[in-house]
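Participant: The following block contains the structure, expressed as structure tokens.
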Amino acid sequence: MNAPEFLDSNVLVYAYDEIDPRKQAIAQELVARALAGEAVASSQVLAEFAVTLLHKLSPPASSEVVLSILDALSPIKLISVDADTVRRAVEAGAMYGVHFYDGMILAAAERGGCKRILSEDLNPGQEYFGIKVHNPFK
């Protein structure tokens, strides 16, 4: 089996945000692949996604809508955050100069055995811990 890809929270947000139809279509395809077991995310990504829908979209999504979406996404394999992940995130910050929460993404992707991170937020083409970043929206 090929190594899974890692979805950052912006991929999940774009899948449900109708503001940019092109990005939404790309993100929906990536989410479908994750639901089929070809990609993973982390508990942090899911939390960031929920916060964005509940508090940062205009208008914000209702709790009922977010709960329904979270149920639909439940088949996606999640990498849990633990003390080792936090430690590795701190190491990522020291090694690569990334923000702590980006380091958590890197640490979770590494733990998940991923070879590629799909994100709009990290530097496309850069490798962190041997994991290459790809911006699927470019």
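A short reminder: the numbers here are calculations on the coordinates, not readings from a lab. Please read all numbers here as calculations on a predicted model, not as lab measurements. All Cβ positions, glycine included, derive from the backbone under ideal geometry; neighbour counts span all protein chains shown.
Participant: Quick one: compute the contact order of the chain, relative version, from alpha carbon pairs under 8 angstrom and 6+ residues apart, as a percent.
Facilitator: 27 percent
Participant: Hey, what do the phi angles of the range 117-127 turn into as Karplus ³J(HN,Hα) couplings, whole Hz, using 6.51/-1.76/1.60 and θ = phi - 60°, x for Gly and Pro?
Facilitator: 10, 9, 7, 8, 9, 8, 6, x, x, 6, 10
Participant: Sum up the charges of everything whose Cβ sits under 13 Å from the Cβ of Glu29, counting Lys and Arg as +1 and Asp and Glu as -1, but leave Glu29 out.
Facilitator: Result for the local shell: +1.
Participant: Additional query: What net charge is computed for the residues neighbouring Ala107, neighbours being all others with C-beta under 14 Å from the C-beta of Ala107, Lys and Arg scored +1, Asp and Glu -1?
Facilitator: -3
Participant: Please list, ordered by chain and number, the residues whose modelled amide H lies under 5 Å from the amide H of Glu5; skip anything fewer than 5 residues away on the same chain.
Facilitator: For Glu5, whose amide H was placed from the backbone, the distant partners under 5 Å are Ala39, Val40.
Participant: With +1 on each Lys and Arg Cβ and -1 on each Asp and Glu Cβ, and nothing else charged, work out how big the dipole of the range 18-130 is about its Cα centre, in Debye to the nearest 20.
Facilitator: Computed about the Cα centre, the dipole is about 180 debye.
Participant: Then there's this: Quick check: the angle from helix 21-35's long axis to the longest principal axis of the chain, C-alpha only, nearest 10 degrees?
Facilitator: Orientation of helix 21-35: about 70 degrees from the principal axis.
Participant: Return a whole-number percent for the relative contact order of the range 34-85, with Cα pairs under 8 Å and 6 or more residues apart as the contact set.
Facilitator: About 58 percent, as a whole number.
Participant: For the chain, find the longest principal axis of its Cα atoms and tell me its angle to the long axis of helix 83-96, 0 to 90°, nearest 10.
Facilitator: In the chain, helix 83-96 runs at an angle near 70 degrees to the longest axis.
Participant: Which order do Phe6, Phe49, Phe137 fall in if you start with the one that has the fewest other Cβ atoms within 10 Å?
Facilitator: Lowest count first: Phe137, Phe49, Phe6.
Participant: Given the -39500 (n - 2.57) contribution per DSSP H run of 4+ residues, what per-residue ellipticity at 222 nm results for the chain, rounded to the nearest 500 deg cm²/dmol?
Facilitator: My calculation for the chain gives -15500 deg cm²/dmol from helical runs alone.
Participant: Please determine, in degrees from 0 to 90 and to the nearest 10, the orientation of helix 100-111 with respect to the longest principal axis defined by the Cα atoms of the chain, where the helix direction is its Cα long axis.
Facilitator: Tilt relative to the chain: about 80 degrees.
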